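Asks: I have a structure I would like to understand better, so I am pasting it below and will then ask my questions one at a time.
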């Protein structure tokens, strides 16, 4: 399903300062996205009119500079927007997440002038949905294990291989495909999704994010010009990490936004559900669950915002990104679990959003590097830092 390609960012959105855009996104979330969740679940995808609204409100363009048709917001501003629109189902974010982070940032930093000119404006205005085709049956946490191949044949690459768990893989217009190129490691290559030999298959079941199914992609004798290479051959890991670090920061913010919604839903239920002649909110055990959740949410939110501000000083603060992604997603899982517990039977049976969000949030500890990968990477960084005689914190 493709939305109307004639839709673009509304001109009045481009004229807004950040605070007014944040307010517009807040209204969109409260008045359209949250009320639209029931229809989204029913039809199994984001309703096309709401995809149009995501485009019109500028959400495909929050990370790209104004010169490319985007809104040019800083990372802190991007995170603050994410905290708002992810109070609605994270499925909405999925529709533009791969475009704004994983893919656009690679092209912005490493694409040729021709590549940027061809794609970035359409990405910023929602006309070109892009997808990041890295993960394979044998390449997950170990991205270097990519087995898909891109063999040079004159002025073309011939791509063969399989990808899986690819967000937006079934409705992308453009894929960034990571493939092994000769002896130089792996590389990033632009592949229009309608290229002959590209096949997308949706899974029969999703445990969470049901309305945004990831795809399996098959590449069989897929031919694209060698000018579709991004950067140089062998630059795949560097390019992947550029997109992934951006996406990790946004996933951390997504976890905080979802947890904020979950805590609000659980609190509202506790105020209206009566047992033993009083609202369950008045029981000490429920107060303790709500109070701890609020404190942990404050900590995760502060960490994600601090991480975003570090981005805006000009460097990519990867240890902070790893810490924020780890803490925010694990915190969101704890809050989601408590929310289900507070709802009792209503958290397990029926259509209450808490049960759905509980399943959705669980995936965030796996996306963009598992919790365990971040633990390992942070430990290794810490051991090297201290081993080299430096303090734990040097900023």
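Asks: When you go through 55, 46 one by one, which is the residue that is assigned to a helix (DSSP H, G or I) and in contact with a helix residue (DSSP H, G or I) (Cβ under 9 Å, 6 or more places away or on another chain)?
Replies: Working: 46 fails: assigned to a helix (DSSP H, G or I).
Only one candidate qualifies: 55.
Asks: Looking for something closer than 14 Å to residue 208 by Cα and crowded, with 17+ Cβ neighbours inside 10 Å - is there at least one such residue anywhere in segment 341-350?
Replies: no
Asks: What do you reckon, is residue 268 exposed (fewer than 15 other Cβ atoms within 10 Å of the Cβ), farther than 19 Å from residue 139 by Cα and either free of Cβ contacts under 8 Å to residues at least 12 places away in the same chain or more than 21 Å from the chain's Cα centre (by Cα) (or both)?
Replies: yes
Asks: Continuing with the same structure: Restricting to segment 95-115, give me the number of residues that are at pLDDT 95 or above and either more than 19 Å from residue 188 (Cα to Cα) or part of a loop (DSSP other than H, G, I, E, B) (or both).
Replies: 2
Asks: Please go through segment 298-316 and pick out each residue that is in contact (Cβ under 8 Å) with a residue 12 or more places away in the chain and either within 22 Å of residue 240 (Cα to Cα) or surrounded by fewer than 20 Cβ atoms within 10 Å (Cβ to Cβ) (or both).
Replies: 299, 304, 305, 306, 307, 308, 309, 310, 311, 312, 316 - these are the residues of segment 298-316 that are in contact (Cβ under 8 Å) with a residue 12 or more places away in the chain and either within 22 Å of residue 240 (Cα to Cα) or surrounded by fewer than 20 Cβ atoms within 10 Å (Cβ to Cβ) (or both).
Asks: Is it true that residue 259 is without any contact (Cβ under 8 Å) to a residue 12 or more places away in the chain and either part of a helix (DSSP H, G or I) or farther than 22 Å from residue 361 by Cβ (or both)? Quick ask: steps written out before the conclusion?
Replies: Values: without any contact (Cβ under 8 Å) to a residue 12 or more places away in the chain: no; either part of a helix (DSSP H, G or I) or farther than 22 Å from residue 361 by Cβ (or both): yes.
In short, no.
Asks: Is segment 111-130 home to any residue that is on the phi > 0 side of the Ramachandran plot, surrounded by fewer than 22 Cβ atoms within 10 Å (Cβ to Cβ) and either over 22 Å from the mean Cα position of the chain (by Cα) or not assigned by TED's automatic domain parsing to the domain that holds residue 250 (or both)?
Replies: Checked against the condition, which is being on the phi > 0 side of the Ramachandran plot, surrounded by fewer than 22 Cβ atoms within 10 Å (Cβ to Cβ) and either over 22 Å from the mean Cα position of the chain (by Cα) or not assigned by TED's automatic domain parsing to the domain that holds residue 250 (or both), segment 111-130 yields no hits at all.
Asks: Let me ask another. Looking at segment 326-355 only, could you name the residues that are more than 26 Å from the chain's Cα centre (by Cα) and assigned to a helix (DSSP H, G or I)?
Replies: 341, 342, 343, 344, 345, 346, listed by residue number.
Asks: Follow-up. Between a first residue in segment 337-354 that is not assigned by TED's automatic domain parsing to the domain that holds residue 266 and a second residue that is surrounded by fewer than 18 Cβ atoms within 10 Å (Cβ to Cβ) and in a loop (DSSP other than H, G, I, E, B), which pairs have beta carbons less than 7 Å apart while being 6 or more apart in sequence or on different chains?
Replies: Partner pairs satisfying both residue conditions: none exist.
Asks: Return yes or no: is residue 98 under 26 Å from residue 244 (Cβ atoms), buried (at least 23 other Cβ atoms within 10 Å of the Cβ), outside the structural domain of residue 206 (by TED's automatic domain parsing) and touching a residue at least 40 places away in the same chain (Cβ under 8 Å)?
Replies: yes
Asks: Here's another thing I want to ask about it. Got at least one residue in segment 122-131 being over 20 Å from residue 166 (Cα atoms) and touching a helix residue (DSSP H, G or I) at 6+ places or on another chain (Cβ under 9 Å)?
Replies: So far as segment 122-131 goes, yes, one or more of its residues are over 20 Å from residue 166 (Cα atoms) and touching a helix residue (DSSP H, G or I) at 6+ places or on another chain (Cβ under 9 Å).
Asks: Further question: Identify all residues within segment 61-94 that are more than 16 Å from residue 15 (Cα to Cα), more than 13 Å from the chain's Cα centre (by Cα) and not in a helix (DSSP H, G or I); write none if there are none.
Replies: 74, 87, 88, listed by residue number.
Asks: What tally of residues in segment 162-180 results from selecting those that are within 10 Å of residue 149 (Cα to Cα) and modelled with pLDDT under 95?
Replies: Number satisfying all stated conditions: 0.
Asks: How about segment 118-209: which strands (runs of 3 or more DSSP E) wholly inside it have at least 2 residues that are under 30 Å from residue 40 (Cα atoms)? Talk me through it step by step, then tell me what you get.
Replies: Numbers: elements: 130-133, 149-153, 156-166, 174-180, 186-192, 198-201.
Hits in segment 118-209: 130-133, 156-166, 174-180, 186-192, 198-201.
Asks: Give me the pairs: first residue in segment 360-380 and not assigned by TED's automatic domain parsing to the domain that holds residue 140, second residue surrounded by fewer than 16 Cβ atoms within 10 Å (Cβ to Cβ), beta-carbon distance under 7 Å, and six or more apart or on different chains, which are they?
Replies: From residues that are not assigned by TED's automatic domain parsing to the domain that holds residue 140, the pairs are 370/141; 373/141.
Asks: Can you tell me which residues in segment 281-313 are closer than 21 Å to residue 82 by Cβ and not in a helix (DSSP H, G or I)?
Replies: Across segment 281-313, the qualifying residues are 312, 313.
The values are calculated or read from the model by the stated rules, or taken from the named source; none is laboratory data. If you're wondering where the values come from, they're calculated on a predicted model, not measured in any experiment. Quick reminder, even Gly has a Cβ in these numbers, built from the backbone with ideal geometry, and neighbours come from all protein chains shown.
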